[in-house]
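Only one structure is covered here, and it is reproduced in the block below.
The values are calculated or read from the model by the stated rules, or taken from the named source; none is laboratory data. None of the values given here were measured: they were computed from a predicted structure. Backbone-built Cβ (ideal geometry, glycine too); neighbour counts: all protein chains shown. Protein only, heavy atoms only, side chains kept; ligands, DNA and RNA dropped before computing areas. Shrake-Rupley method; radii C 1.70, N 1.55, O 1.52, S 1.80 Å.
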Number of protein chains: 2
Amino acid sequence: MERVLIVPWGNPFQWDSITYEYGGCRMKSSSTLPVLINALKPEKILIFTLDTLANIQVRGKPDIEPKDFKRYSEVVEDVQSRIKWFIENELSSDFPDSAEMLKDGRIDIVVAPGVGLFKNINVEGDLLDFYNYALYVLSTKLPSNNLEVYLDLTHGINFMPTLLYRALNNLLGISAFINDCRLVVLNSEPYPQGFQRDEKESIIPITTLHIRTVEDIVLRPKPIYSRVEDNKLSAFISSLANGLPLVFTTFYPELNELKTLIDEELAEFLKNIEVNGIHISRSRGFSNDFKTLTKIYYFIRCLNLSHEMFGGLPKEEVSIDTLECLVELIFKKIRRLEIITKRDVRQIRDTIKKAIKKEGKIRDKLRAGEKLLYLDVYNFAKDRSIPKKDKIDPRDFVAHSGLISDLIYVRLREDDELLSYVDYDKVIELSIKSMWSDWV
Amino acid sequence: MERVLIVPWGNPFQWDSITYEYGGCRMKSSSTLPVLINALKPEKILIFTLDTLANIQVRGKPDIEPKDFKRYSEVVEDVQSRIKWFIENELSSDFPDSAEMLKDGRIDIVVAPGVGLFKNINVEGDLLDFYNYALYVLSTKLPSNNLEVYLDLTHGINFMPTLLYRALNNLLGISAFINDCRLVVLNSEPYPQGFQRDEKESIIPITTLHIRTVEDIVLRPKPIYSRVEDNKLSAFISSLANGLPLVFTTFYPELNELKTLIDEELAEFLKNIEVNGIHISRSRGFSNDFKTLTKIYYFIRCLNLSHEMFGGLPKEEVSIDTLECLVELIFKKIRRLEIITKRDVRQIRDTIKKAIKKEGKIRDKLRAGEKLLYLDVYNFAKDRSIPKKDKIDPRDFVAHSGLISDLIYVRLREDDELLSYVDYDKVIELSIKSMWSDWV
C-alpha cells in the first residue's frame with residue numbers, strides 16, 4: 001500500500017521552531033514536515049502552497065530578490081524557489097535528506113491559485129479555482145493503486161484545508177470502488193500563545209507539540225452524481241451509480257481523450273491569467289464539467305492499473321464472462337449492487353444455454369454464430385411470445401441492470417456468449433433518464 | 001426552507017475592522033457576522049468557539065475579570081460571556097439587533113472542547129472531542145426539515161473548519177434521504193497583509209473584502225456504514241443502506257431511547273473533565289458508537305417530523321401499504337433501490353391476491369385473519385411446493401429486499417395485507433451479515 005503525505009502550507013516564513021512529536025518520533029523544526037516524513041516514510045509528499053506567496057519575504061528570509069512578473073509561470077517558479085529555500089535552509093538541520101527529496105521529486109511543491117491583496121503580491125480571481133486546480137493536480141499525481149493518504153492541516157490557512165479534504169474525499173471515494181483507500185487527517189496541537197518567546201524558549205512553558213489524528217477512515221465507494229455535457233460520459237457515470245455493466249463496458253472512456261479534454265481546459269485557464277508586475281488577475285474560471293472530468297480521469301487511471309480487462313475497454317461486444325468479472329471487481333464493496341447485477345447477467349447465460357439445448361431455427365442461428373435479438377432467444381428458450389416494446393421505461397431499464405431483452409444482441413463465439421447493445425442512442429437516453437429525470 | 005448560518009470562530013479579539021461584502025450588502029465590522037446575517041437572514045445562527053478562549057483578553061478587551069475555574073460549566077459560561085461581550089460591543093454599531101438575537105436564542109454560542117496551552121488557559125484532551133461534540137450539538141440544534149446551511153470558514157482556526165464541514169456533510173447527508181438539504185461554504189478574501197494599519201485605514205490599500213462561495217451543493221442521501229454495539233440498531237442501519245423495508249419498520253429506533261443513550265454518554269464525558277484554576281484536563285473521550293448514535297438520532301428527528309407514519313414506528317406488523325409508502329419516502333432519491341424494493345413488496349401483494357381468489361385451506365385461513373407463513377401462501381398461490389430452507393444466504397436476503405418467504409408471516413385485516421417477521425434474531429443476524437461479513 002503506497003503512502004502519500006499532503007500538507008497545505010500558508011506562509012512558512014512566519015513559523016517558529018518547536019519540537020513536534022508524532023508516532024514516536026520527536027524533531028525540533030519550524031514545521032511538521034520533518035517529523036511526519038520520518039515517522040510515516042511516505043513514498044510521495046505533496047506540499048500545497050498558494051501563488052500569493054510570490055515575492056514573499058519575512059525578516060529578510062528567504063534570501064531571494066523580489067521580481068517584476070510578466071508570465072504566470074514565473075510566479076509559480078518564484079513560489080517554488082522560495083519554498084525550496086525554506087525546506088533547504090530552515091528545516092535541513094533536522095532533515096538532511098530534503099535536498100535530495102526535492103531533486104528526485106519525492107517532495108513536490110504545488111503552487112495553486114489563491115486570492116488576496118498582500119504587500120508582496122495581489123491576486124484576483126475565484127476562490128474556487130483552488131479547488132478545481134487541486135483536484136486536477138491530485139488526479140494526476142496521486143498513485144492509482146491501494147493508497148494511504150495523510151493530510152496534515154497544521155499549517156494550512158483559510159479554505160485550503162477544507163477544500164483539500166473535500167478533494168481527497170471525492171477522489172479516494174471514486175478510487176475506493178476498486179482500491180483500498182485510507183484517509184488520515186492530522187493536526188498538531190496549537191502553538192503556545194500569549195507567552196513571550198526567546199531563542200532558548202525559556203519562557204515558553206511547553207516544548208513539545210503532539211500531532212494528533214483528527215480523522216482516520218477507510219473510504220467507501222462514492223459514485224459520481226453529476227451529469228456532464230458529453231452524453232456518452234453521462235451514461236458511463238450512470239452505469240457506475242446504477243449498476244449497468246454493459247453500459248459500463250460500451251461507454252468506458254479512453255484515458256487519453258479525457259486527459260486531452262482536461263489539459264485543454266487547464267491550458268485555457270492558465271492562458272487567461274493576466275500578469276503585470278505584482279498584479280495577477282484570473283479572468284476565466286473552470287467549467288462545471290472540469291471537476292467531474294478529473295474524477296473520471298482518476299477513476300480510469302485506477303481501473304486501468306488494477307486489471308488488464310479494463311485496458312481492452314471500451315468494447316462494442318463483450319462476453320458474459322467479462323461482465324461477471326467486471327461486476328465482481330467494480331461492485332465488490334456494494335453488496336446489493338453486486339448481488340443483483342450478477343444475478344441479472346447469469347440469467348441471460350442460463351437462457352442462452354437453455355436455447356442451445358432445444359431444437360429449432362434460433363438454436364441453429366446461434367450455433368452458426370449469428371447475432372440475434374436477445375428477446376427472440378428468450379421467447380424461444382422459454383416458449384413465450386413476448387412482443388418487442390415500442391417504449392422502454394427507464395425504471396425497467398434500471399431494474400434489469402440495463403440488460404433489457406429488447407435492447408441486446410446475443411452472439412456465440414466458441415464458448416463465449418457475447419452481448420452488445422442494439423441502439424446506442426436509446427441506451428444513452430435510458431441511462432441518463434434513469435439517473436437525472438426526476439431529481440437533480 | 002429554513003436557513004442556518006454556522007460560523008467557527010478562533011479568537012475574535014484579534015480581528016481588525018474592515019468592510020465585508022456579501023450578496024449585495026456591505027458592512028464595516030470586525031467580523032463577517034453582521035453582513036452575513038443581513039444578507040442571508042438566517043433563522044438560526046450557531047457560533048462555534050473553543051473552551052481555550054476562557055479568560056481571554058487582548059489589549060484590555062473584553063472588560064471581564066479572569067477567573068479561577070472550579071467547574072467546566074464555569075469555563076463554558078466564561079467563554080460565552082466573552083463572546084457575548086464581543087458581539088454586543090465590537091459589532092453592535094453596524095449590528096443593532098445583536099443583543100436581541102442573543103436573548104431570544106437566534107444567535108447561539110456553542111463552546112466546544114479544544115486543546116492547547118495558552119497564557120489564559122491550558123486544555124489537555126483529544127482533538128477529536130471537538131468533532132464528537134460538534135456532531136452532538138448539530139444533531140440537537142439543527143432544524144429537522146428542508147434546510148439550507150451556510151458555513152463561513154473565514155474566522156475558523158486549525159481543525160475547526162474541516163471538522164465542522166465533515167460533521168455537516170454527514171448530518172445533512174443522512175437528512176437528505178427525506179429532506180432537501182443544501183450546504184453552502186463561504187470564505188472571505190483574506191485580510192490584506194504586510195501593510196501598515198491605522199485607525200483610518202489610510203495605508204491599507206483595500207477597504208472591501210468579498211465573501212466568496214467556496215462550495216454550494218445539494219446533498220445526496222449518504223447511508224451510515226458503521227456497525228454499533230446494539231445489534232437491533234445495526235440491523236436498522238443495514239436496512240437503510242441495503243433497502244430492507246420490513247427490517248426498517250421492525251427495528252426503527254425510539255427517539256427518546258436514543259436521546260437517553262447519547263445524553264448519558266455526554267454527561268459521562270463532562271463529568272470526567274478535571275478543572276483546576278486555568279488547567280483543564282479531559283481524561284475520557286467519546287465511544288466509537290457516539291458519532292453513529294448522533295447521526296441516527298438526527299435521522300429519526302427528521303423522519304418523525306416529515307410524515308406521521310414514522311411516529312407509529314417501530315411496529316411488529318405493518319401493512320404492505322405502509323411499506324410502499326415508506327419505500328417512496330425513504331428511497332425516492334436512490335432510484336435503483338426504490339424501483340427494486342417496491343417491486344419486491346408488490347410481488348407479495350400480487351401473490352396474496354392470487355391466493356385469495358383460489359379455493360383451499362390457505363384461502364380460508366387467510367380470510368379468517370390467521371397469521372400464515374408467506375412460503376405456504378406462495379406455494380398455494382403458485383401451485384408450487386418449495387420447501388422451507390434450513391439456512392438462508394445473506395446474499396438472498398439482500399437480493400429480495402429482506403422479504404424472504406421463509407421468514408415472513410402474512411395476515412389479512414380488512415383490506416390490509418399485514419407482514420411481520422417470524423424470527424427476529426435470524427433477521428438481525430442476516431441484516432448484519434449482509435452488510436459487515438466480507439468487508440469492513
For this session: Determine ³J(HN,Hα), in whole Hz, for all residues of region A:120-127 in sequence, where each value follows from phi through the Karplus function 6.51 cos²θ - 1.76 cosθ + 1.60 and θ = phi - 60°; x replaces Gly and Pro.
Result: 6, 7, 10, 10, 10, x, 8, 4
For this session: Can you tell me the order of B:428-434, A:389-395 when each peptide is scored by its average per-residue count of other Cβ atoms within 10 angstrom, highest first?
Result: B:428-434, A:389-395
Problem set entry | region B:307-425, relative contact order in percent, only Cα pairs under 8 angstrom and at least six apart counted | 30 percent
Problem set entry | Extension gain from A:E274 to A:K426, taking 0.36 nm per residue of separation minus the Cα-Cα distance | 50.2 nm
Problem set entry | Per-residue average of Cβ from other chains inside 10 Å of A:392-398 | 3
For this session: Determine the share of the protein assembly as shown's accessible area contributed by carbon and sulfur atoms, expressed in whole percent, with a 1.4 angstrom probe.
Result: 44 percent
Exercise. If you plug each phi of region A:52-59 into the Karplus form 6.51 cos²θ - 1.76 cosθ + 1.60 with θ = phi - 60°, what whole-Hz ³J(HN,Hα) values come out, in order, with x for Gly and Pro?
Worked result: 6, 8, 4, 6, 5, 8, 10, 6
Exercise. In peptide B:330-339, what is the residue-averaged number of other protein chain Cβ atoms found within 10 Å of each Cβ?
Worked result: 5
Exercise. Percent antiparallel among DSSP beta bridges with both residues in region B:1-156, to the nearest 5?
Worked result: 35 percent
Exercise. For the pair A:D393 and A:K354, what calculated FRET efficiency results from E = 1/(1 + (r/R0)^6), where r is the Cβ-Cβ distance and R0 = 22 Å, to the nearest 0.05?
Worked result: 0.25
For this session: Compute from the Cα atoms of chain A the Rg and the Dmax, the latter being the longest Cα-Cα distance, and quote both in angstrom.
Result: 27.4, 96
Seminar exercise, completed: As a percent rounded to 5, the proportion of antiparallel DSSP bridges among beta bridges in the protein assembly as shown is 50 percent
Seminar exercise, completed: Note on region B:47-134: contact order normalised by length, alpha-carbon pairs under 8 Å, 6 or more apart, percent, works out to 40 percent
Seminar exercise, completed: Most packed first (mean Cβ within 10 Å per residue), the peptides B:352-358, A:313-319 order as A:313-319, B:352-358
Problem set entry | Centre separation in Å (Cα based) which lies between region B:168-195 and region A:409-440 | 38 Å
Exercise. Relative to the Cα centre, what is the charge dipole magnitude of chain A, using +1 at the beta carbon of each Lys and Arg, -1 at the beta carbon of each Asp and Glu, and rounding to the nearest 20 debye?
Worked result: 1600 debye
Problem set entry | Relative contact order computed over region B:2-218 (Cα-Cα under 8 Å; 6+ residues apart), in percent | 25 percent
Seminar exercise, completed: Here FRET efficiency (C-beta to C-beta, A:R384 to B:M1, R₀ 60 Å, nearest 0.05) is 0.75
For this session: Give A:K332/B:K391; A:K141/A:K222; A:K232/A:K332; A:K371/B:K382 a once-over and call out the pairs whose C-alpha atoms are over 28 Å from each other.
Result: A:K371/B:K382
For this session: May I ask for the accessible area buried between chains A and B, both sides summed, probe 1.4 Å, to the nearest 100 Å²?
Result: 5200 Å²
Exercise. Between B and A, which B residue has the Cβ nearest their rotation axis, distance in Å?
Worked result: B:T162, 3
Exercise. Can you pull out the GluC sites (Glu not before Pro) in region A:352-417 that DSSP calls coil and that have at most 11 other Cβ atoms within 10 Å?
Worked result: A:E359, A:E414
Seminar exercise, completed: Expected integer from the mean partner chain Cβ neighbour count at 10 Å over A:108-116 is 2
Problem set entry | Residue-normalised accessible area of chain A, given per residue in Å² at a 1.4 Å probe | 41 Å²
Exercise. For region B:4-73, which trypsin sites (Lys or Arg not before Pro) are both in a DSSP coil and crowded by at most 11 other Cβ atoms within 10 Å?
Worked result: B:R59, B:K70, B:R71
Exercise. Which value, in debye to the nearest 20, gives the size of the charge dipole of region B:231-433 about its Cα centre, when Lys and Arg are +1 and Asp and Glu are -1 at the Cβ?
Worked result: 780 debye
Seminar exercise, completed: So, in nm and shortest first, the distances from A:D263 to its counterparts in the other copies, with label points 7 Å along Cα→Cβ, work out as 6.2
Exercise. List for region B:162-181: residues with 50 Å² or greater reduction in accessible area, all protein chains versus chain alone, probe 1.4 Å?
Worked result: B:T162, B:Y165, B:R166
For this session: Could you please state, rounded to a whole Å, how far the C-alpha centre of region A:360-393 is from the C-alpha centre of region B:233-252?
Result: 40 Å
Exercise. Any idea how far the Cα center of region B:269-291 sits from the one of region A:1-34, in Å?
Worked result: 28 Å
Problem set entry | Cα-centred dipole magnitude for region A:2-218, charges only on beta-carbon of K, R (+1) and D, E (-1), debye, nearest 20 | 60 debye
Seminar exercise, completed: With R₀ set to 45 angstrom, the calculated FRET efficiency between the beta-carbons of A:K332 and B:E370, to the nearest 0.05, is 0.55
